[in-house]
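Notes for the one structure printed next.
Values quoted throughout were computed directly from the atomic coordinates according to the rules given, and no laboratory measurement underlies them. Keep in mind the model is a prediction, meaning the values are calculated, not measured. Counting neighbours? That spans all protein chains shown, and the Cβs are built from the backbone with ideal geometry, glycine included.
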Amino acid sequence: MNQIEKYLSIYFTIQEDKLSSVAAHFERVVLKRGELILRTGQYCKKMFFIESGILRVSALNDGKDITQWIATEGQFGTDLNSFMLNQPARWNIEAITDATLYFISKSDYDTIGTVIPNWPELEKIFLVNCFTTMENRIFQFLSLNSEERYLRFFHNNKRLFNQVPLKYLASMLGMTAETFSRIRKKNS
């Protein structure tokens with residue numbers, strides 16, 4: 001079993017004999033730090049899985065650079081609205097470290113259902129997990145203050161604090177760099 005097959009088996013309950021057929025649709029790509037894989041306004045034609053490295057999902061809003069998500073090893077990513085509904089991408093996706101990804105094209109993704117008969121159910125579970133992650137994040141924004149969000153994120157992502165520019169983490173947590181710095185200093 002190769003690396004992408006191992007990852008797919010974690011996220012999807014795919015019979016072992018079908019796993020290699022699905023994995024064959026993924027292309028392994030190495031990115032350099034700073035490389036963009038998607039730009040706002042483009043059409044997203046690929047979904048990716050991160051084998052190693054860190055990616056940033058961001059957009060400009062009234063001239064302000066907003067980090068929507070920091071994607072790390074073991075996560076899937078894409079601009080879901082663009083990928084699934086063929087809309088212009090809302091997000092830029094950039095490697096903020098060197099990264100190794102597995103890409104699957106939209107056309108290959110759409111053919112998985114011919115290989116895996118129960119793909120609609122597996123895809124539904126996957127998308128529900130993505131949606132639940134988003135719901136949890138929204139709930140934290142509504143129910144936790146800045147310091148509580150910082151502490152929770154730090155507890156779950158300590159290594160990112162040495163690998164990602166702190167301004168990106170501050171933005172993702174919905175606070176200014178100054179507030180982030182003050183909270184960080186207080187809790188170090």
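Gap in Å between the Cα centre of region 22-88 and the Cα centre of region 112-188? So the separation of the two Cα centres works out to 16 Å.
Partner aspartates and glutamates whose Cα lies under 14 Å from the Cα of Lys18, excluding those fewer than 8 positions away in the same chain, are identified as Glu5. The residues packed around Tyr7, meaning those with a beta-carbon under 11 Å from its beta-carbon, carry a net charge of -2 if Lys and Arg are +1 and Asp and Glu are -1. With a sphere of radius 13 Å drawn around the Cβ of Phe83, what net charge do the other residues whose Cβ falls strictly inside it have (Lys, Arg +1; Asp, Glu -1)? Residues near Phe83 contribute 0 overall. Most fluctuating residue of Leu55, Leu85, Leu169 in a GNM of the chain with Cα springs under 10 Å: which is it? Of Leu55, Leu85, Leu169, the Gaussian network model singles out Leu85 as fluctuating most.
The lysines whose alpha-carbon is closer than 21 Å to the alpha-carbon of Lys167, local same-chain residues fewer than 8 away aside, are Lys32, Lys64, Lys158, Lys185, Lys186.
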